[in-house]
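Report on the following structure.
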Ligand code: MG
């Protein structure tokens, strides 16, 4: 039994292509991505962007490439990635989102959206790269070059769609604070929360690609001002997004950052209590996910690490007649199959309102009621990732390890995951357990095998 190796893409990662503007990320590259996409997909393609300073230049470049290959372009302007995904599914033949998600301001990139609103998967991305590198572009003749129109208000449909999932007025009496981090959700999340009836305060709600208030990654340090504002206003919660608002993270009513696996668990619990079925998440997710599912007579399906694998598995299970009720990653990227098959930060903010409306407890009390687990995370630099994984597979063959992405070893009340990075000569080790002793001993055990098989390595 060997470990499954990921398809090797050259420039695209799991969520599109990213790089530093003016270095790896240039209008030239993005125009070629536009030409490659236009060669593969005909029809009308929606283009959107986050608030980065390079966004307009790169959105123009991708649009030029698309039009040159005969596509019509609808420029949706600045909007969250899930808003563009929703609009593509409703109206268009594909999409290109100019964003570098949570990366710092100097980065930008492209996420390619399929007609069903999902991010492009591995197979199609390989085809796109093939056209890109072979320059096998299908340029349109002069009388078939596409044109472009602007539809900056289409994002209102996305807001309407989210609001329509909830009974009117569920936010009445609830004060909340939204922190879009100077990103595109400044035009969607406060509106969604207000439409649900909440009293909404905002911070970092002026769109600004220099991100003056905080970096696009919503870290506990960056959200300290949000936390202060939650306490000052007596808000029920604060919600913050990453740079393209497919993720949402929370500050509870006591001003504490809610760890993302706990956030997942609370919303999972809420969804599972309404309806039984399957929860889909990557092998890197906390035991909490399994614990909450089991309590509610639901079960968990695991996937490789990456939101597109979760989204695609959810869709494929549903196509096979399974009841899939919820999915996502333990990083605030949550997926609601009744809404759409992608992570959606605005929808997650709305779900938290619905959850608190339905519960008699504050968010802090709900967080405190969750079972506690201990976790150890380690990064190891090594060129010998494959040898390490194979050694672990051999050592733990009797324990029926999960080998869909690296190796996950499951024990009662504990688990460990060792997986190679897709982009660097590095491996990640994660161990989680109900108690400190179990956590330390499983970690030492795994590290002994890693050290014995990796040769030279350094722990970061
Ligand atoms: Mg993102």
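The values are calculated or read from the model by the stated rules, or taken from the named source; none is laboratory data. Note that the structure is a prediction, hence the values are computed from the model and not measured. Here Cβ is always computed from backbone atoms with ideal geometry, including for glycine, and neighbour counts include all displayed protein chains.
Before moving on, here are some points about what is shown:
- Residue within the range 76-88 that is surrounded by fewer than 24 Cβ atoms within 10 Å (Cβ to Cβ) and closer than 23 Å to residue 131 by Cβ present: no
- Yes/no for residue 268 being closer than 20 Å to residue 367 by Cβ, within 16 Å of the ligand (Cβ to nearest atom), modelled with pLDDT of 95 or more and not in a strand (DSSP E or B): no
- Neighbours by Cβ (under 9 Å, 6+ apart or cross-chain): first from the range 95-121, free of Cβ contacts under 8 Å to residues at least 60 places away in the same chain and under 19 Å from residue 51 (Cα atoms); second within 14 Å of the ligand (Cβ to nearest atom) and not in a loop (DSSP other than H, G, I, E, B): 95/48; 95/84; 95/85; 95/111; 95/113
- So residue 249, is it within 16 Å of the ligand (Cβ to nearest atom) and under 28 Å from residue 341 (Cβ atoms): yes
- Verdict on residue 417 being modelled with pLDDT of 95 or more and buried (at least 21 other Cβ atoms within 10 Å of the Cβ): yes
- Among the residues of the range 189-217, the ones that are within 16 Å of the ligand (Cβ to nearest atom) and out of contact with any strand residue (DSSP E or B) (no Cβ under 7 Å at 6 or more places or on another chain) come to 6 in all.
- Residue match in the range 277-291 (condition: outside any loop (DSSP other than H, G, I, E, B) and more than 26 Å from residue 338 (Cα to Cα)): no
- Residue check for residue 220: more than 21 Å from the chain's Cα centre (by Cα), farther than 17 Å from residue 361 by Cα and either within 16 Å of the ligand (Cβ to nearest atom) or without any contact (Cβ under 8 Å) to a residue 60 or more places away in the chain (or both): no
- Residue 10 passes every criterion in (1) over 24 Å from residue 184 (Cβ atoms); (2) assigned to a loop (DSSP other than H, G, I, E, B); (3) at pLDDT 95 or above apart from (3).
- Residue within the range 121-140 that is touching a strand residue (DSSP E or B) at 6+ places or on another chain (Cβ under 7 Å) and either closer than 30 Å to residue 214 by Cα or part of a loop (DSSP other than H, G, I, E, B) (or both) present: no
Every residue, every condition in (1) in contact with a helix residue (DSSP H, G or I) (Cβ under 7 Å, 6 or more places away or on another chain); (2) free of Cβ contacts under 8 Å to residues at least 60 places away in the same chain, yes or no:
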site: 153; (1), (2): no, yes
site: 167; (1), (2): no, yes
site: 190; (1), (2): no, yes
site: 195; (1), (2): yes, yes
site: 211; (1), (2): no, no
site: 230; (1), (2): no, yes
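- The residues of the range 88-120 that are part of a loop (DSSP other than H, G, I, E, B) and within 16 Å of the ligand (Cβ to nearest atom), listed by number, are 99, 100, 101, 102, 103, 104, 105, 117, 118, 120.
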